[in-house]
Amino acid sequence: MSVFEIYKGDGGAKFMRPIQTREEYLKLRNGGCQHDYLNRIRKGEENLKYNLVQMNYSCLPNEDGSLKGSKKMTTTVGMDIDHIPADEMQSVRERILTKKDEIGLLMLEESARGQGYHLAFRRKPELSQEENLKWVSGLLGVAYDAQAKDITRVFFSTTEQELVFLDDEIFEIHELDSALAVAALTTIDPAGARHSSSELGSALAVAALQCCSSKYDPEAKYNELLFKDIVAKYWELFNGGKTPVEGDRNALTFELAMTIRSICGYSLEKLQTVIPNYWAKPDGTCSQEDLAEWRKTIENALNEPRKGMHYRLKQVLQALKSQAGIKACGGTQTTPPPMPKKLPPLLKLLTKNVPLLYKPAVANAVFPGLGAHLHGVKFRYWDNMEHEATFMNVLIGRQSIGKSTIKKPIEFIMEDIKQRDLPNRQREAEWKQKNPSAKPKKDPRPTDICIQMLIDNLTDAVFNQRIVDVNNNGQRFIYTIVDEIEGLKKLTSKGTADEVGLLIRKAFDNSDAGQERVGADSVSGIAPLRWNFNASTTPPNAKKFFFKMVNDGTVSRLDISTIIMGDDDNDTAPVVGIYDHKFAQELKPYIDRLEAANGLIECAQSKKLSLDMKQENSDTAKLFDSEAYRVFSYRANVIAWLKGMVLYVAHGYKWSKEIADFVRWSQQYNLWCKMLYFGRQLEKELCEEIEIQRQSGPQNLLELLSDEFTKEQYRQMRLQQGKSGDGESTLRSWQNRGHIVFDEVNGRYCKTDEYKRKFSAY
């Protein structure tokens, strides 16, 4: 046995399990999202390779099944040949296949990026790992990857389509034992130390027991979700991420079986394949008594009355759908989709002074300020609706993580508007002094006063006056920046999150806002709301502030970014570059182009890109079965497209690959952030909406009953629904129509398969 799948255990450590058949091997290569990931990797999303199935062909697991630090070799060697020129790929393949008998080839596949090959061949036991690699490298005349010479090296597997050659000998256990016994005499690790490796046979036994001590199947699925992921998420939500141990394993395994039995067809055989044996020892072995206890616990759960899908299971499935939405954006649970390495010149300039970790946040946070320089400008979307450069950016990150890195670039972007506002503020102050409230006005208020930058402490009157002023003076934007999202409450007298949500929805659509008053001193006026802002907050505050706005269109109108420290990131304050006169001079041409723009602006390349992304989003939402992703994607596409249009104008009405790449990434990044912080809540609320719609009409009494029910349960359900009589005629009608049958053995009515096919989906 020389093929092992690599998987992550608790704490993220890598473990190994043996693959014993061709069928199992091909199922892994073709399962999950392998095909989708591979297509996207070959289009440039190389970070997705970490989501591919991982294999090892060179070593056996440690006694605890782990990979790290393994010193025990298998009878095969895994080899990586990388960076082959495209015009040489075919000749290298033919060379390998021609010499397959000489090198003892057992497996050959194309690598994930399509620029090389992975192969597994029979080990020469008298040679070390590196000596085996050098031997085959010399025979083939191609260099192996020198970084991949350790026996613990893992290979990112491609699909069956990229599998060029596979010999079933690679799965044969009986040959492995005898071969390893010979190899043990002269095993040499990469450091050159010799071992009397009598442990190899026992390690093989341990690996086999890990797979065979029960009928556990790590690849079992429910609606494309792996049961092992369902179980892991269950423990995360309802046991603090801890798996059962001695003392609580009976109770917790019973509860787990009760929770997931409805999606296992109430089958003992199925449950045994998906519920891990928490009685087993770390090496995978389990006594007959413990094995019987594990089985009995599952049987006890099955014998409990059936009540349909467990509420906890619904929560688990919703959480996994949320995670699926995150994966759909090209990132992981902890890592956003990577920003393009080559940015448009304007964004390269604006992000050059911040460390790499902060560049995505800055690259998105600058757009409210850039958009505020456009006035009287409209862009036509692919649906022929006209939009203005409205951007409302919320940066979410934990405390003291460096959210202030966005401030300096924004400060320089807004400097010209700030300077324009100064004389207008002075003129307004002078007019107020000459014309105090509650007294006859000597002079009318100047109509050319236009103040765009707002402080975060206003009355309704001031806010509405600013809306009217900027509209009457060139259809300009007002702009606000606050350190904490709560600060936006002070923009109006009401001071509520609900009022902020209403303003966000109006601003995105440039809907009319303002007030009408009859008093002589009252501010009256209605105009389209053109309001851009930057705000920061922490994850808990973001969820609290927007709790009631996730499903009403408010959150979907925001451009959300984040800063997340990785394990390798230095947890210290960021060191930023110098912002000086030279920086301002480099920025000025871009700002001048935005200020000079006017009228309706269209860009054919941008329109085509947004249409392509729309179709991709629809396909992705279906692939990952994420309704939240679908809902969020509509306006995320609009926001990303608007960024592209602003960059198009700022770069002198020139479209480029760099702009297109940024637009595509920006949409996925915005979606990733929304799915990370709000996806789970939206999935839950959307599911509840569907449930309410299903229950709003006349109730199907049979649908309210379990798949199997007694006559007494049927009568109780009738009473709960306010129905009179014994209902015998209804039961007979259901039987006559083939909806149910009566099982005389256990005295229960059972819904027929035909009924469940026709009605259970509705």
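The values are calculated or read from the model by the stated rules, or taken from the named source; none is laboratory data. Fair warning: this is a prediction, and the values are worked out from it, not measured in the lab. FYI the Cβ positions are ideal-geometry reconstructions off the backbone, even for glycines, and counts take in every protein chain you see. The area values use the complete protein model at the heavy-atom level, side chains included, leaving out ligands, DNA and RNA. Shrake-Rupley method; radii C 1.70, N 1.55, O 1.52, S 1.80 Å.
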Original post:
Are there any pairs with C-beta distances below 7 angstrom linking a residue in region 346-360 that is more than 17 Å from LEU395 (Cα to Cα) to a residue that is modelled with pLDDT of 95 or more, with the two at least 6 apart or on different chains, and if so which?
Top reply: LEU346/TYR590; LEU346/LEU647; LEU346/ALA650; LEU346/HIS651; LEU347/ALA363; LEU347/PHE662; LEU349/GLU586; LEU349/LEU587
Original post:
Which pairs have Cβ atoms under 6 Å, sit 6 or more apart or on different chains, and link a residue in region 243-258 that is more than 24 Å from LYS314 (Cβ to Cβ) and without any contact (Cβ under 8 Å) to a residue 60 or more places away in the chain to one that is part of a loop (DSSP other than H, G, I, E, B) and not polar (S, T, N, Q)?
Top reply: ARG249/TYR278
**OP:** Check whether at least one residue in region 605-622 is in contact (Cβ under 8 Å) with a residue 60 or more places away in the chain, outside any helix (DSSP H, G or I) and open to solvent by less than 70 Å² (accessible area, probe 1.4 Å), and report yes or no.
**Re:** no
Subject >> Matching residues in region 477-497 - criterion: being among the aliphatic types (A, V, I, L, M) and closer than 20 Å to LYS408 by Cα >> reply: ILE478, ILE481, VAL482, ILE485
**OP:** Give the number of residues within region 27-42 that are open to solvent by 30 Å² or more (accessible area, probe 1.4 Å), under 29 Å from VAL136 (Cα atoms) and in contact with a strand residue (DSSP E or B) (Cβ under 9 Å, 6 or more places away or on another chain).
**Re:** 0
Subject >> Matching residues, region 331-347, being of a type in the set (Lys, Arg) and farther than 28 Å from PRO539 by Cα >> reply: LYS342
Subject >> Candidate set: region 623-652, residues that are touching a residue at least 40 places away in the same chain (Cβ under 8 Å) and of a type in the set (Ser, Thr, Tyr); chosen: the one nearest to TYR222 (Cα to Cα) >> reply: SER626
Original post:
In this structure, does LYS622 turn out to be among the basic types (Lys, Arg) and touching a strand residue (DSSP E or B) at 6+ places or on another chain (Cβ under 9 Å)?
Top reply: no
**OP:** Scan region 427-448 and give yes if some residue there is closer than 29 Å to ALA363 by Cβ, open to solvent by less than 70 Å² (accessible area, probe 1.4 Å) and charged (D, E, K, R), otherwise no.
**Re:** no
**OP:** May I ask you to list the residues in region 590-604 that are part of a helix (DSSP H, G or I), open to solvent by 60 Å² or more (accessible area, probe 1.4 Å) and either closer than 22 Å to ASP661 by Cβ or of a type in the set (Lys, Arg) (or both)?
**Re:** ARG593, ALA604
Original post:
In region 287-299, what count of residues is obtained for those that are more than 37 Å from the chain's Cα centre (by Cα) and open to solvent by less than 80 Å² (accessible area, probe 1.4 Å)?
Top reply: 5
Subject >> Test for TYR579: is it modelled with pLDDT under 95, over 25 Å from the mean Cα position of the chain (by Cα) and open to solvent by less than 50 Å² (accessible area, probe 1.4 Å) >> reply: yes
**OP:** Residues being surrounded by fewer than 17 Cβ atoms within 10 Å (Cβ to Cβ) and within 27 Å of ASP168 (Cβ to Cβ): count how many of those fall in region 1-19.
**Re:** 1
Subject >> Test result for GLY265, out of contact with any helix residue (DSSP H, G or I) (no Cβ under 8 Å at 6 or more places or on another chain) and surrounded by fewer than 16 Cβ atoms within 10 Å (Cβ to Cβ) >> reply: yes
**OP:** Hey, can you tell me all the residues within region 99-115 that are among the small types (Gly, Ala, Ser) and under 29 Å from the mean Cα position of the chain (by Cα)?
**Re:** SER111, ALA112, GLY114
**OP:** Go through the residues of region 413-421 one by one and say whether even a single one is assigned to a loop (DSSP other than H, G, I, E, B) and either open to solvent by 70 Å² or more (accessible area, probe 1.4 Å) or under 30 Å from ALA363 (Cβ atoms) (or both).
**Re:** yes
**OP:** Collect the residues in region 268-286 that are buried (at least 19 other Cβ atoms within 10 Å of the Cβ) and among the basic types (Lys, Arg), keeping them in residue-number order.
**Re:** LYS270
Subject >> Checklist (1) buried (at least 20 other Cβ atoms within 10 Å of the Cβ); (2) in contact with a Pro (Cβ under 8 Å, 6 or more places away or on another chain) applied to TYR57, failing item >> reply: (2)
**OP:** Please state which one of GLU23, GLU45 is more than 27 Å from the chain's Cα centre (by Cα) and either surrounded by fewer than 21 Cβ atoms within 10 Å (Cβ to Cβ) or at pLDDT 85 or above (or both).
**Re:** GLU23
Subject >> In region 304-316, residue surrounded by the most Cβ atoms within 10 Å (Cβ to Cβ) [restricted to those that are out of contact with any Asp or Glu (no Cβ under 9 Å at 6 or more places or on another chain) and within 28 Å of TYR714 (Cβ to Cβ)] >> reply: LEU313
Original post:
Considering GLU63, GLU94, GLU88, GLU23, which residue is touching an Asp or Glu at 6+ places or on another chain (Cβ under 8 Å) and farther than 14 Å from PHE156 by Cβ?
Top reply: GLU63
Subject >> Filtered residues of region 538-555 (kept if open to solvent by less than 50 Å² (accessible area, probe 1.4 Å), at negative phi and outside any helix (DSSP H, G or I)) >> reply: THR538, PHE546, VAL550, THR554
Original post:
Which pairs do you get when a residue that is part of a strand (DSSP E or B), found in region 481-493, comes within reach of a residue that is open to solvent by 10 Å² or more (accessible area, probe 1.4 Å), reach meaning Cβ atoms under 7 angstrom, with the pair 6+ apart or on two chains?
Top reply: VAL482/ASP456
Original post:
Can you find even one residue in region 582-590 that is of a type in the set (Ser, Thr, Tyr) and at pLDDT 95 or above?
Top reply: yes
Original post:
In region 494-508, what residues are of a type outside the set (Gly, Ala, Ser) and in contact (Cβ under 8 Å) with a residue 60 or more places away in the chain?
Top reply: ILE504, PHE508
Subject >> Hits in region 688-747 - residues which are at pLDDT 75 or above, open to solvent by less than 70 Å² (accessible area, probe 1.4 Å) and outside any helix (DSSP H, G or I) >> reply: LEU705, SER706, ASP707, GLU708, PHE709, THR710, GLY727, GLY738, HIS739, ILE740, ASP743, GLY747
